[in-house]
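The values are calculated or read from the model by the stated rules, or taken from the named source; none is laboratory data. Bear in mind that the values here come from a model prediction, so they are computed numbers and not experimental data. FYI the Cβ positions are ideal-geometry reconstructions off the backbone, even for glycines, and counts take in every protein chain you see. For accessibility, only protein heavy atoms count, side chains too; no ligands or nucleic acids. Shrake-Rupley method; radii C 1.70, N 1.55, O 1.52, S 1.80 Å.
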Amino acid sequence: MNHLAVYELSRKHGPPRIDLRTAEIMDSYGFEGRATRAINHRTPNDVSRDDLDFYGWIYAFLEFEDLLFYLYPIALELDKSKSLYCIDSFMYSLNRFVPEESSKLTKIDQQALIEGLRWMWDAVQLGYTDWEEYPNLRIAIGIMG
């Protein structure tokens, strides 16, 4: 499956207002000390695995739309390797916005978000990623309990 709807959702929300490097600077109280990796994320295709690994724990600083931008590249990399350093930070941050912010999306975008989450679920289920910590995401894809 090519997940074109997920790609289009991510592309629609790019470039991110707060990218990974900016989030790292925010996390460092405005200092650029650890934000040494230059990035230029204009489309989901611009996001590399190295970018995701380098800026792995800063997703709490991203807004909902920024998280949607990173949904496709993160799901893609998770599907490729079954493990991804940034996955918990990303999912924790996205979980905060579901269902309130996601309910404001168009129906097509809501379906794409669910497809992206389901793609991530299918990639790892309860293995590397602890879905138990993200009740709003589990409910969104119909996984209860």
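By how many degrees, 0 to 90 and rounded to 10, does the Cα axis of helix 64-81 deviate from the longest principal axis of the chain? Once rounded, one gets 80 degrees. The stretch 1-27 to the stretch 40-78: how many Å between their Cα centroids? Value for the Cα centre distance between the two parts: 5 Å.
From Cα pairs below 8 angstrom and at least 6 apart in sequence, can you work out the relative contact order of the stretch 1-123, rounded to a whole percent?
Values: 146 pairs, mean separation 39.2, N = 123.
Worked out over the stretch 1-123, it gives 32 percent.
Of the peptides 130-136, 74-80, the ranking by mean beta-carbon count within 10 Å, highest at the top, reads 74-80, 130-136. Accessible surface calculations at 1.4 Å, restricted to protein heavy atoms, place the chain at 51 Å² per residue. The portion of the accessible surface of the chain made up by carbon and sulfur, rounded to a whole percent, is 52 (1.4 Å probe; DNA, RNA and ligands excluded). Placing R0 at 30 angstrom, the Cβ-Cβ distance between ARG49 and ARG96 gives a FRET efficiency of 0.75 after rounding to 0.05.
The 3J(HN,Hα) values that the Karplus relation (6.51, -1.76, 1.60; θ = phi - 60°) gives for the stretch 45-56 are, in residue order, 5, 7, 8, 9, 4, 4, 4, 5, 5, 5, 10, x Hz. Gly and Pro appear as x. Ordering GLN110, PHE54, MET144 by the projection of their Cα atoms onto the charge dipole of the chain, which places +1 on the Cβ of Lys and Arg and -1 on the Cβ of Asp and Glu, puts GLN110 at the extreme positive end. Cross-link reach is defined here as a Cα-Cα straight distance under 21 Å, omitting same-chain residues fewer than 8 places apart; for LYS107 the lysines meeting it are LYS12.
Computed over the Cα atoms of the chain, the ratio of the radius of gyration to the Kirkwood radius (Rg/Rh) comes to 0.94.
With a ≥ b ≥ c the root eigenvalues of the C-alpha gyration tensor of the stretch 59-118, is it rounded (a/c under 1.5), prolate (a/b larger than b/c) or oblate? Don't jump to the answer; show the numbers that get you there.
Numbers: a/c = 2.26, a/b = 1.38, b/c = 1.64.
Here the stretch 59-118 falls in the oblate category.
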